[in-house]
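Working notes, structure below.
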Amino acid sequence: MNFPHSPRRARHRLRRRRTLLLSTALVALGTGALAWAPSDLPAPKKGLNLLVVGIDSREGVTAAEKKKYRLGSRECSCTDVMMLVHVSEKNDRVSVVSLPRDSLTEFHEGHVDRRTGEKHKAHPAKINSAWAEGGSSFTVETVESMTGLPVHRYLEIDFRRFMDTVDVFDKGVPVCTKIPLKDSVTGLDLKAGSKSVKGGEALQYVRSRRADGKMDFGRIQKQQLFLANLHRNLRDGLLKNPTALRAFASTLRGTDKGERAISVTELVGLAGRLKKLGPAGTQFATVPIAGFNATIAGVGSTLAWDKKYAAEVFAALRADKPLPKPHPKQSSEIPQGLGEYRPTGGGRLLCA
């Protein structure tokens, strides 16, 4: 039995008082101190899974920016970028697996269309339309169903937020190419070599899929290269400045209230966990693709995953292991080997 004035109760009151004083001190010190405050970010025994999606949304983009960067005015209300990011339990490895937007899936019966409020029957669909039909929660559910992995946190980025986040870096983010890249749709025009790009031009780069003849696979490769170089910028600069890091996280995070949306404090906490992670600890790959499906009425042209091969990849992540090595023989029927699963270390994607 604990009595009202027992030493045990007194120690408990003292701990609560110290906690309150610490919280007050952090608030008084400002965002620099708050940047390293504890968060509720999970630390699962088999690693943390973060789903990062890029939304085709022009909200907040000016008319001048739309014209300059050839963004157009039509929005598809879909996720044109989908990356499953696995952070190992020991925070010594990050594996990024891109999920092509045209991947074929099937939405289960009874899901509610947020646009109409109607319940749908089961039907085939592209993975990137999950957001349009059911928002972030249905997107998470769809990815979990297709990969067999739990999604612990979700990060959603639109055009405005992407440009503003890149512009946090005074010199932008480096990108590089062995051949000139010119895309008449996005307006991308890069000479061979390396160049640092700021917000609008960076958006042109990660959106381009016609400059190199590699379709959406080329766009995914550009996105992975961009992310690897963005990570270097963070490691070499913002991670050393808590106040700047929190400003970066706030810009990236925005005000999204989606299911399992990662918070600003959690983003900063994740950066803190990974502050010692170098390029050698990062891996990038695209889910193994078998080929194109026959055109489906109401859906269009879609990609089929190599289910057995993809299961191996996601099983490795479930076990908190590195991405498996590629099979010795080409598995994809897509020309030029674009659908190949071939993990690439982050160091190989860094620009000079």
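What the table below lists for this structure:
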| quantity | calculated |
| --- | --- |
| Output for the range 334-352, where each listed residue is assigned to a loop (DSSP other than H, G, I, E, B) and within 26 Å of Glu144 (Cα to Cα) | Ile334, Leu338, Gly339, Glu340, Tyr341, Arg342, Pro343 |
| First in the range 109-137 and hydroxyl-bearing (Ser, Thr, Tyr), second anywhere and crowded, with 19+ Cβ neighbours inside 10 Å and modelled with pLDDT under 90, Cβ under 7 Å, 6 or more apart | Ser129/Cys78 |
| Count - residues of the range 243-277 that are in a loop (DSSP other than H, G, I, E, B), under 17 Å from Lys90 (Cα atoms) and of a type in the set (A, V, I, L, M, F, W, C) | 2 |
| Residues of the range 158-186 classified as out of contact with any strand residue (DSSP E or B) (no Cβ under 7 Å at 6 or more places or on another chain), free of Cβ contacts under 8 Å to residues at least 60 places away in the same chain and over 20 Å from Leu71 (Cα atoms), total | 3 |
| Any hit, the range 109-116, residues being outside any loop (DSSP other than H, G, I, E, B) and either within 26 Å of Pro324 (Cα to Cα) or of a type outside the set (Val, Ile, Thr) (or both) | no |
| Given (1) crowded, with 22+ Cβ neighbours inside 10 Å; (2) in contact with a helix residue (DSSP H, G or I) (Cβ under 8 Å, 6 or more places away or on another chain); (3) closer than 19 Å to Glu156 by Cβ, index of the condition Phe226 fails | (1) |
| Pairs, first under 13 Å from Gly200 (Cα atoms) in the range 65-81, second surrounded by fewer than 20 Cβ atoms within 10 Å (Cβ to Cβ) and β-branched (Val, Ile, Thr), C-beta under 7 Å, six or more apart | Arg70/Val185; Leu71/Val61 |
| Failed condition for Gly213, given (1) over 24 Å from Gln283 (Cβ atoms); (2) within 16 Å of the chain's Cα centre (by Cα) | (2) |
| Unmet criterion (only one of (1) aliphatic (A, V, I, L, M); (2) more than 23 Å from Pro44 (Cβ to Cβ); (3) in contact with a Phe, Trp or Tyr (Cβ under 6 Å, 6 or more places away or on another chain)) for Ala261 | (2) |
| Pairs, first of a type in the set (A, V, I, L, M, F, W, C) in the range 287-301, second in a loop (DSSP other than H, G, I, E, B) and surrounded by fewer than 15 Cβ atoms within 10 Å (Cβ to Cβ), C-beta under 9 Å, six or more apart | Ile289/Glu333; Ala290/Glu333; Phe292/Ser301; Phe292/Glu333; Ala294/Ser301 |
| Complete set of residues in the range 111-161 that are basic (Lys, Arg), out of contact with any Gly (no Cβ under 9 Å at 6 or more places or on another chain) and within 22 Å of Ile262 (Cα to Cα) | Arg153 |
| Set Lys329, Lys325, Lys257, Lys307: member being under 29 Å from Arg160 (Cβ atoms), free of Cβ contacts under 8 Å to residues at least 60 places away in the same chain and surrounded by fewer than 18 Cβ atoms within 10 Å (Cβ to Cβ) | Lys257 |
| Index of the failed condition, Asp236 passing every other in (1) crowded, with 18+ Cβ neighbours inside 10 Å; (2) within 29 Å of Thr265 (Cα to Cα) | (1) |
| Options Lys126, Lys90, Lys119: the member that is modelled with pLDDT of 95 or more, farther than 30 Å from Ala271 by Cβ and charged (D, E, K, R) | Lys126 |
| Matching option when the condition is in a helix (DSSP H, G or I), touching a helix residue (DSSP H, G or I) at 6+ places or on another chain (Cβ under 9 Å) and touching a residue at least 24 places away in the same chain (Cβ under 8 Å), among Ala280, Ala211 | Ala280 |
| Any hit, the range 266-274, residues being of a type in the set (Lys, Arg) and on the phi < 0 side of the Ramachandran plot | yes |
| Matching residues in the range 163-196 - criterion: being in contact with a Pro (Cβ under 7 Å, 6 or more places away or on another chain) and within 19 Å of Arg210 (Cα to Cα) | Leu190, Lys191, Ala192 |
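Okay, residues lined up against (1) among the hydroxyl-bearing types (Ser, Thr, Tyr); (2) surrounded by 12 or more Cβ atoms within 10 Å (Cβ to Cβ); (3) touching a strand residue (DSSP E or B) at 6+ places or on another chain (Cβ under 8 Å); (4) modelled with pLDDT under 50:
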position: Leu20; (1), (2), (3), (4): no, no, no, yes
position: Leu34; (1), (2), (3), (4): no, yes, no, yes
position: Arg58; (1), (2), (3), (4): no, yes, no, no
position: Cys76; (1), (2), (3), (4): no, yes, no, no
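The values are calculated or read from the model by the stated rules, or taken from the named source; none is laboratory data. This one's a predicted model, so the numbers in the text were calculated from it and none came from an experiment. For neighbour counting, all protein chains shown are included, and Cβ atoms are generated from backbone atoms with ideal geometry for every residue, glycine included.
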